[in-house]
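Okay, so here's the structure we're looking at.
The values are calculated or read from the model by the stated rules, or taken from the named source; none is laboratory data. All figures in this text were calculated on a predicted structure; none of them were measured in a lab. With ideal geometry, Cβ positions are generated from the backbone for all residues, glycine too; neighbour counts draw on all protein chains shown. Only protein heavy atoms, including side chains, enter the accessible area calculation; ligands, DNA and RNA are left aside. Shrake-Rupley method; radii C 1.70, N 1.55, O 1.52, S 1.80 Å.
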Amino acid sequence: MSRSRPLHLAAAALLFVGLTTLPAHAVNKDMVQLQTQIQQLQDAVARLQQSNDERMGVLKDLVQQTADAVNKMSVAVDGMKLQMQNSQDALSTKSDQVSGQIQSLNDTLDELKARMARMEKILNDVQGQQQSIIPILNSLPQSTGTPAPATTTTVPAGPKPTAATKPAASKPNAASAKDLYNVAYGDYIAARNPLATSEFTELALAYPDDNLSGNAYFYLGEINRSTAKPTAAVKNYDHLIEHFPDNVKVPAAHLHKAEAMLSMKQIPGAIRELQALIQRFPNSPEAAQARTKLATLTH
C-alpha cells in the first residue's frame, strides 16, 4: 500500500507534465505560422506599395506629358487665332480699300458723265446759236459790186413762199433725266449741297420712274448723312431700296442706312439692315464691310 502510493504520485506527475507540455508546443507552432503569415502579408504589402509607387510615377509622367502637350496645343491654337484675326483684319482693310476705290471710280465716272453732258449741252447751245444766226445772215442785203452778167436762161415763176411754207421754229426740248442728273451730280461733287439737293429733288419729281432718280435718292441720303440729318437720310435710302431694287446703289444704300441708324443708337435696326445686305448681296464689297461691322456689334 505504501509502495503503490509513490508510484501513483509519479504517474500523476508525469501525466500533468505531459498535459501541460503538449498545448505549449501547439501554441508555439500556431504562433510561428501566424508570424510567418504576418511576415508574408507585410512582404506582399511592401511589394504592392512598391508597385503602386512605380505606377504612380508612370502616371505622373503621363500627366506631365499630357499637360505639356495641352500647353503646346494651346499655344498653337492661340497662334492660329492670332493669324486668323490678322488675316481677317487685313481682309477687312483690303475690302474697305477696294470698296472705297470702287466708290471713287463710280464717282469719277459720274463726274466724267456730268462733264460730257455739260460739253454736249454747250455744243447744242453753239449749234442752236449757229442756226439762229443763219437766217439773220441770209436776210442781210447783198454787197454791191459788179452785177453778174445776165443769162438767157429763164426761171419759171412760181408761187411766193407763204407763212405756211416757212419752216417752223422748233421749241427747245425739256431737260432730260440724264441732263438733270449730270448737273445735280456736278454740284454734289463740288460740295454745293443746297443746290444739288434742289436739283436731285427736281429730277426725282420730274422723272419718278427713271433709274437715275434712284441715284438721286441715294445722293440725297448722302447729303443728309453728311449734314447730320440721319432720319432724312434713312428715308431717302429706303425710297431707293424699295422703289429701285435693281439700282447699283442699293448695296451702298443698305450699308449707309445701317450707319445712319447706328448714329441714332438704333442698334437692332442697324443689325437687321446689315443682315439684309449680306443676304441680298453676299459677294459685294459692301457685304464684306457689313460682316465686319456685325462682328463688332454682336461680340
Test: residue in the range 231-245 that is more than 22 Å from Lys113 (Cβ to Cβ) and in contact with an Asp or Glu (Cβ under 8 Å, 6 or more places away or on another chain): yes
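Can you tell me which residues in the range 206-225 are open to solvent by 20 Å² or more (accessible area, probe 1.4 Å) and either within 15 Å of Tyr188 (Cα to Cα) or not aliphatic (A, V, I, L, M) (or both)?
We begin by selecting, within the range 206-225, every residue open to solvent by 20 Å² or more (accessible area, probe 1.4 Å); these are 206-212, 217, 222, 224-225.
The answer is Tyr207, Pro208, Asp209, Asp210, Asn211, Leu212, Tyr217, Glu222, Asn224, Arg225.
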Within the range 197-228, tally of residues that are free of Cβ contacts under 8 Å to residues at least 24 places away in the same chain, farther than 26 Å from Arg280 by Cα and not in a helix (DSSP H, G or I): 1
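Does Asp246 meet the test of being open to solvent by 20 Å² or more (accessible area, probe 1.4 Å) and closer than 22 Å to Arg280 by Cβ?
Numbers: open to solvent by 20 Å² or more (accessible area, probe 1.4 Å): yes; closer than 22 Å to Arg280 by Cβ: yes.
Yes, satisfied.
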Selected residue (only one of Pro141, Pro194 is more than 30 Å from Met261 (Cβ to Cβ), open to solvent by 40 Å² or more (accessible area, probe 1.4 Å) and either part of a helix (DSSP H, G or I) or at pLDDT below 55 (or both)): Pro141
Residue under evaluation Gln85, criteria (1) open to solvent by less than 100 Å² (accessible area, probe 1.4 Å); (2) at pLDDT 80 or above, criterion not met: (2)
Pairs, first within 17 Å of Ala253 (Cα to Cα) in the range 282-298, second part of a helix (DSSP H, G or I) and open to solvent by 30 Å² or more (accessible area, probe 1.4 Å), C-beta under 7 Å, six or more apart: Pro285/Val98; Pro285/Ile102; Ala287/Ile278; Gln289/Asp96; Ala290/Ile278; Arg291/Ile278; Leu294/Ile271
Residues satisfying the stated conditions in the range 229-249, i.e. part of a helix (DSSP H, G or I) and among the β-branched types (Val, Ile, Thr): Thr231, Val234, Ile241
Test set (1) more than 29 Å from Met116 (Cβ to Cβ); (2) in a helix (DSSP H, G or I); (3) open to solvent by 50 Å² or more (accessible area, probe 1.4 Å) - Lys178 fails condition number: (1)
